[in-house]
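Encoded as structure tokens, the structure appears first; notes follow it.
No value in this document is a laboratory result; all are computed from the given coordinates. None of these values were measured; they are calculated from a predicted model. All Cβ positions, even for glycine, are placed from backbone atoms using ideal geometry, and neighbour counts span all protein chains on display.
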Amino acid sequence: MELFRILSGPVVGAVIGYITNDIAIRMLFRPHRAVYVFGHRLPFTPGIVPRRKDQLAKILGNAIVEKFFNADDLEIIFTSGIADPVADALVKLLRSDATPKQIIEDNNNVAWEPVEKLEEELCVRIQAAVCLSGLPKTIAHEGLSLAAHLLGDGAASQALISGLGTNIAPALAHEIEEFVIEHGHEYILPLIRAETRRLGGTPMSELTAQLTGDDDDALHDALTRLYLRFMSHHVRPIVESIDVGGMITEKIVLMSSEEVEDLVLTVVRRELRLVVLFGAFVGAIIGAVNIFL
């Protein structure tokens, strides 16, 4: 009996310490949802983490941004950390047998329609450039000069020459401009589309070989310089538009209480288990001390 009395104190203390610590840890996550009895929410439901999940998500998101992924950190990553991988990926793409059309259609299921709109816009710009360049006037003047030359030195030729700089050439140039504006797309657009279709079906390796040769290192260096030059001018607006904290907060808020619990326990399950065992150890010591009090 005396031995039982001596052992009962530490054993009971260890059990109590174990159970209380285990309950306390479980109350961090359980229950996952509020429990109501007769329309009244029971205290400590839901658990601490589920009840404060939104606040925890916001604090965690802000902490990660402040300590690890602020705008300065992202700027360093974009301007130095990923320059080589980006260039490597581009070199691999540009040296592949994939065609521009395949690349455009494979990325996010983007179709070829945007290219067709670009072709139409390019046609309009070419029509406007032809008219603004003075080409219709040159064509009119050269055409009339050729006609006068073919007519020889007769009266008709002299009359044509005398009218070149007054009425005939300007009027003809105006007619050519009107024709280019009204009907130029019928002739220019098919040429543009034929060329884009040819280029769109040509492997990237052939296109880049014509432009850069077969030196992959030179192409890599050129792409790296191009990337860094672009990012040096545009990286700040880009990184400031990336709301890392908001994305982290949103992801955690959208997680269920069970998923949050699994995430935390994946990291600290062993430590929490040790806390429970430590509670049993402390309880045993307290029980043992009570024997001598």
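Computed from label points 7 Å out along Cα-Cβ, the spacing between Glu175 and Leu135 is 2.0 nm.
Enumerate lysine pairs in the chain that are 8 or more residues apart or on different chains, then count those whose Cα atoms are under 26 Å apart. So the count works out to 7.
Extending 7 Å from the Cα toward the beta-carbon at both Arg197 and Asp214 defines two label points whose distance is 3.3 nm. Near Cys123, within a Cβ-to-Cβ distance under 14 Å, what is the net charge of the other residues, with Lys and Arg +1 and Asp and Glu -1? Surrounding charge for Cys123 is -4.
Each other residue within a Cβ distance under 14 Å of Thr202 adds +1 if Lys or Arg and -1 if Asp or Glu, for a net charge of +1.
Given (1) 1, 4, 6, 6, 6, 7, 7, 7, 7, 6, 6, 6, 5, 4, 4, 3, 3, 2, 2, 2, 1, 1, 1, 1, 1, 0, 0, 0, 0, 0; (2) 1, 5, 10, 12, 12, 10, 9, 8, 7, 6, 5, 4, 3, 3, 2, 1, 1, 0; (3) 1, 6, 12, 17, 18, 15, 12, 9, 6, 3, 1, 0, 0, 0 as candidate values of P(r) over Cα pairs in 5 Å bins from 0, in percent, which corresponds to the one derived from the coordinates? From the options (1) 1, 4, 6, 6, 6, 7, 7, 7, 7, 6, 6, 6, 5, 4, 4, 3, 3, 2, 2, 2, 1, 1, 1, 1, 1, 0, 0, 0, 0, 0; (2) 1, 5, 10, 12, 12, 10, 9, 8, 7, 6, 5, 4, 3, 3, 2, 1, 1, 0; (3) 1, 6, 12, 17, 18, 15, 12, 9, 6, 3, 1, 0, 0, 0, the structure gives (1). The modelled label-to-label distance between Glu240 and Ile19, using points 7 Å beyond Cα along the C-beta direction, is 6.0 nm.
Counting charges near Leu223 (Lys, Arg +1; Asp, Glu -1) among other residues having Cβ under 14 Å from its Cβ returns a value of -2.
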